[in-house]
Every structure is written in structure tokens, then in C-alpha cells.
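S.K.: This is the structure I have questions about; it appears just below.
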Amino acid sequence: MIPFRSHMPAALAEARAAALRGEVPVGAVLIGPDGRVLAQDGNRTRELSDPTAHAEILTIRAACRALGSERLPGARLWVTLEPCPMCAAAISAARIATLYYGADDVRMGGVAHGARVFDHPQCHHRPQVYDGISASESRDLLRNFFAQRR
């Protein structure tokens, strides 16, 4: 058994890097069953001109490419913001075992708010979900980012 270790500091670093690129500061880190980092990234929707280039999607794509598989059983995803419905559906499709996230997203979230993707009967895989991890730091990053834009 691999001892528990929070990867939220690395996800927060990815969120800060995204903010420096002018992206909404959301970061994600994907950990394999063996405890090693499979992929990590921050939002890149503007940089890539791609509305699907959320931190979660980018890390899932990179990990799947690296492993040569469309599924990531036993993987754990750390993300600074509650995933949107698109990202929650991708998490389910990839069969990620555990989701850890920071700040709630009342407006666009898809896990505890809005669509609540994992609660739908059509959802074939439901990860374990732990929320509120470094929530205040994640929330502050977002608030400061948007305050500077106004």
C-alpha cells in the first residue's frame, strides 16, 4: 500500500502557471496506482483555442497517451476546482478511481453542483470524491485572477 500524499500543492502550482499564461487558474495532477505522477497541467483553452482544453482533460489525455490506454483504473486526480460536467464525464469515462478537488464551483460545477454527473443513472463509473482540499487557496487564486481582469 502506498502511503497517502496530497498532490494539491502541484495542482496549485499548475493553476498559478495557468494564471500567468492568462488562463483561468485551474490545475490538475493525475497519479497512477503506483503513486507516480502520470500527467499534470493547467487550463490552456485560450492558448490552444480549444474549449475542451481544461486542466483535467489535458491530464487525462496525456496519461492515456503515455499508457496507451483509454482507461486509467486506480488513478487519482487532484484538481483545484470542482470539475465541470464535461470534465466529470471524462473522469468517469477514464475510470479514474478517486477525485480530489479544492474549491466548489456553484455556477459551473458538475460534481456537487449543477449536472451532478456522478449521480446520474447513466453514469457507468463513479469515482470516490473528496472535496474541499486546499479550497481557500484555490478559491483565492480564482478570485484574484478575476479581480485583476475587472
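S.K.: Which of the residues that make up the stretch 2-29 are more than 20 Å from Ile96 (Cα to Cα), in a helix (DSSP H, G or I) and among the small types (Gly, Ala, Ser)?
M.R.: Ala13, Ala15, Ala17, Ala18, Ala19
S.K.: Okay, moving on. Go through the stretch 84-110 and give me each residue that's closer than 21 Å to Pro51 by Cα, in contact with a Leu (Cβ under 7 Å, 6 or more places away or on another chain) and part of a loop (DSSP other than H, G, I, E, B).
M.R.: Ala94, Asp105
S.K.: Counting just the residues of the stretch 85-95 that are open to solvent by 20 Å² or more (accessible area, probe 1.4 Å) and of a type outside the set (D, E, K, R), which one comes out farthest from Val111 (Cα to Cα)?
M.R.: Taking the candidates together, the pick is Ala93.
S.K.: Of the residues that make up the stretch 38-50, is at least one free of Cβ contacts under 8 Å to residues at least 24 places away in the same chain, open to solvent by less than 70 Å² (accessible area, probe 1.4 Å) and either of a type in the set (Phe, Trp, Tyr) or more than 21 Å from Pro127 (Cα to Cα) (or both)?
M.R.: Checking the stretch 38-50: at least one residue is free of Cβ contacts under 8 Å to residues at least 24 places away in the same chain, open to solvent by less than 70 Å² (accessible area, probe 1.4 Å) and either of a type in the set (Phe, Trp, Tyr) or more than 21 Å from Pro127 (Cα to Cα) (or both).
S.K.: Does Val106 fit the bill of being free of Cβ contacts under 8 Å to residues at least 12 places away in the same chain and either of a type in the set (Lys, Arg) or surrounded by fewer than 19 Cβ atoms within 10 Å (Cβ to Cβ) (or both)?
M.R.: Here the answer is yes, as Val106 does meet what is asked.
S.K.: Check whether at least one residue in the stretch 61-84 is in contact with a helix residue (DSSP H, G or I) (Cβ under 7 Å, 6 or more places away or on another chain), among the β-branched types (Val, Ile, Thr), open to solvent by less than 30 Å² (accessible area, probe 1.4 Å) and touching a residue at least 60 places away in the same chain (Cβ under 8 Å), and report yes or no.
M.R.: Yes: the stretch 61-84 contains one or more residues that are in contact with a helix residue (DSSP H, G or I) (Cβ under 7 Å, 6 or more places away or on another chain), among the β-branched types (Val, Ile, Thr), open to solvent by less than 30 Å² (accessible area, probe 1.4 Å) and touching a residue at least 60 places away in the same chain (Cβ under 8 Å).
The values are calculated or read from the model by the stated rules, or taken from the named source; none is laboratory data. Quick caveat, the model's predicted, so the values are computed rather than measured. For neighbour counting, all protein chains shown are included, and Cβ atoms are generated from backbone atoms with ideal geometry for every residue, glycine included. For the accessible areas, the whole protein counts, side chains as well, though only heavy atoms, and no ligand, DNA or RNA atoms are used. Shrake-Rupley method; radii C 1.70, N 1.55, O 1.52, S 1.80 Å.
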